[in-house]
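All remarks here apply to the structure that follows.
The values are calculated or read from the model by the stated rules, or taken from the named source; none is laboratory data. Fair warning: this is a prediction, and the values are worked out from it, not measured in the lab. Cβ atoms come from the backbone with ideal geometry, glycine included; neighbour counts cover every protein chain shown.
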There are 2 protein chains.
Amino acid sequence: MNEFSYIKKYIHPLDHNSLIGNDAAQIANLQDKLIITKDILVEGVHFLDNNDPKLLAKKSLRVNLSDIASMGIKPYGYLLGLILPNNITNKWWKEFTSGLKEDNDQFNIKLIGGDTTQNNNNSIIISITAFGFTNNTSLTRSKANVGDYIYVSGNIGDAALGLLAYRNIINNKHCSYFKNKFDLPNPRINLGLLINDYNIASSCIDISDGLIQDIEHICQSSYVEANIYIDKIPLSKEAKIILNNNPQLLETILTGGDDYELVFTSHPKNHIKIKDLSSKIGVKVTQVGYLSIGNNVNIYNHNNQKILFTKKGFQHFSN
Amino acid sequence: MNEFSYIKKYIHPLDHNSLIGNDAAQIANLQDKLIITKDILVEGVHFLDNNDPKLLAKKSLRVNLSDIASMGIKPYGYLLGLILPNNITNKWWKEFTSGLKEDNDQFNIKLIGGDTTQNNNNSIIISITAFGFTNNTSLTRSKANVGDYIYVSGNIGDAALGLLAYRNIINNKHCSYFKNKFDLPNPRINLGLLINDYNIASSCIDISDGLIQDIEHICQSSYVEANIYIDKIPLSKEAKIILNNNPQLLETILTGGDDYELVFTSHPKNHIKIKDLSSKIGVKVTQVGYLSIGNNVNIYNHNNQKILFTKKGFQHFSN
């Protein structure tokens, strides 16, 4: 079967709205702003070789939905770019598109177009453009204020531990839990929407590069300094167990990335409102620190001492 | 210099509107429809190895602008996805982004975001998403009518001959002309806009896969049959010369692709209006045939005899 046949067989059935079939897709909207993002995933770089096609479809899509969520907007749809080696099978197409279909339904989003092309080597590359519309303002990284509290959703570090599990660097009974967290992020669409609608967040970002590095992005854009308390960082019980036995994994947890949780900042007056919202939508939200004057990201241990990390990208801690 | 440094040095200066820097870009618009497309170009598949980075930037962008033009819409901006090998140099970044800058200015479009990532082999892959807004309807492939005339813009086949020139299959004094046509398509934005605004076109497509195959896309979507006269197909004087000496190149010219001219259909009553519009905007527009009942694409020679092509993708001609 050639590429056109695969597209006809597997992609067109995803297009309930007949948006595919012209040179570009047309989407009617009554909102006045477009929010749009593009994230590329490369086999062997962003995901493992021989990845389960269904999980791969979902992760590629969800990292883009997470970007839209971090702007405080509901995703509307996406364009799918697939760069595929010659040896892609019917089974791969079937499973990959079934993953898309499940997530289209779960997140109520539409595939509205894209491009599929052949790679001249054996890697799968997935380039998705996701977008949403709004008549609200969107959340940015640049409006955090000195004195704001810093919050994160969910737990931190499980996905980074999942990558270690896939690489056989850790090996215990919790590995399948961690691997699942690496494979299947959960974009925090409702949380992003609500903290935007209720004007709660002064800034927001999703954690793709690692908690510290992504907080650093907020600090750089907003000209503020972050103070983070290790003890406050929310960890799964599985991560706590493994960290207890392997304290050196703390750096992986804080810098490993792939969490796709939200970090946002908010004036202290909103603290109760945030707790209420968190219980209302059933998403754990934890205050992990506060912003001060400066431009560093300071990490404190349980003795209130600054911790320095050696990992590349964070050399400024050792100044 | 690492990827972040290149982006800061070369991509950020292209962003006059401070649209880059968050997880997604926000674009205000007062129009009610979004027109959006994604085209991927892979080194060694869609462009030659060691391509001039400036021309590569322009071609990657222009094939996307051509898609928006074929919908009858003015492009607004684009997201840039770059998947790059490790050996990309400062010189490459400089030239590639200077190409983008020139075309941003020429077509009055904005770079509004994107993603840059590392490839795990030596190919350059460019994945661009371009879009525009409108409160008009957009042109499609599916509303052509029996009796409509078929028109094409510009000349056909120069780009396909350019590819033959690059491959040293043809070699004469016109080769640099043809190569330039392959490297630098000219998206027909004004023409697309006007035939849409004036309600002249019943359908439209841009020629990326080859004149015959793209007309076939209109036929399949609109349930019509196309009748094309070889003698009417507009050729450059350079193409005429080479075709005179090498009549076997006719198939390349009609099926080779990469023209990025528009094919559109229109009721015969609009013929004079189309001629006027063509002279007004200085873009050659030529009637090459008409639509009838059926679903084939018939090509006629100067003796009004059907011509059959053997090229893969057109086997139905030999029925």
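Observations on the model:
- Test: A:His302 is at pLDDT below 95 and in the same structural domain as A:Ile228 (by TED's automatic domain parsing): yes
- A single member of A:Tyr229, A:Tyr223, A:Tyr198 is among the hydroxyl-bearing types (Ser, Thr, Tyr), farther than 16 Å from A:Arg62 by Cα and in contact with a Lys or Arg (Cβ under 8 Å, 6 or more places away or on another chain), and it is A:Tyr198.
- Inclusion of A:Leu61 among residues that are surrounded by fewer than 23 Cβ atoms within 10 Å (Cβ to Cβ), outside any loop (DSSP other than H, G, I, E, B), modelled with pLDDT of 90 or more and more than 8 Å from chain B (Cβ to nearest Cβ) is not warranted.
- Filter result for the condition that a residue is more than 9 Å from chain A (Cβ to nearest Cβ), among the aliphatic types (A, V, I, L, M) and surrounded by 21 or more Cβ atoms within 10 Å (Cβ to Cβ), over B:Ile112, B:Ile68, B:Ile126: B:Ile126
- From the list A:Ala159, A:Ala144, the one residue that fits, being modelled with pLDDT of 95 or more and within 14 Å of another protein chain (Cβ to nearest Cβ), is A:Ala144.
- Exclusive hit being part of a helix (DSSP H, G or I), farther than 18 Å from A:Gly192 by Cβ and among the aliphatic types (A, V, I, L, M), set A:Ile228, A:Ile274, A:Ile218, A:Ile212: A:Ile212
Residues are listed down the side, and each one gets a yes or a no for (1) free of Cβ contacts under 8 Å to residues at least 12 places away in the same chain; (2) not aliphatic (A, V, I, L, M):
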{"residue": "B:Lys74", "(1), (2)": "no, yes"}
{"residue": "B:Leu84", "(1), (2)": "no, no"}
{"residue": "B:Ile88", "(1), (2)": "no, no"}
{"residue": "B:Asp105", "(1), (2)": "yes, yes"}
{"residue": "B:Asn172", "(1), (2)": "no, yes"}
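- Matching residues, the stretch A:9-53, being modelled with pLDDT under 85, within 11 Å of chain B (Cβ to nearest Cβ) and touching a Phe, Trp or Tyr at 6+ places or on another chain (Cβ under 6 Å): A:Asn29, A:Gln31
- Hits in the stretch B:225-254 - residues which are in contact (Cβ under 8 Å) with a residue 60 or more places away in the chain and either in contact with a Ser or Thr (Cβ under 7 Å, 6 or more places away or on another chain) or of a type in the set (S, T, N, Q) (or both): B:Glu225, B:Asn227, B:Pro234, B:Ser236, B:Asn246, B:Thr252
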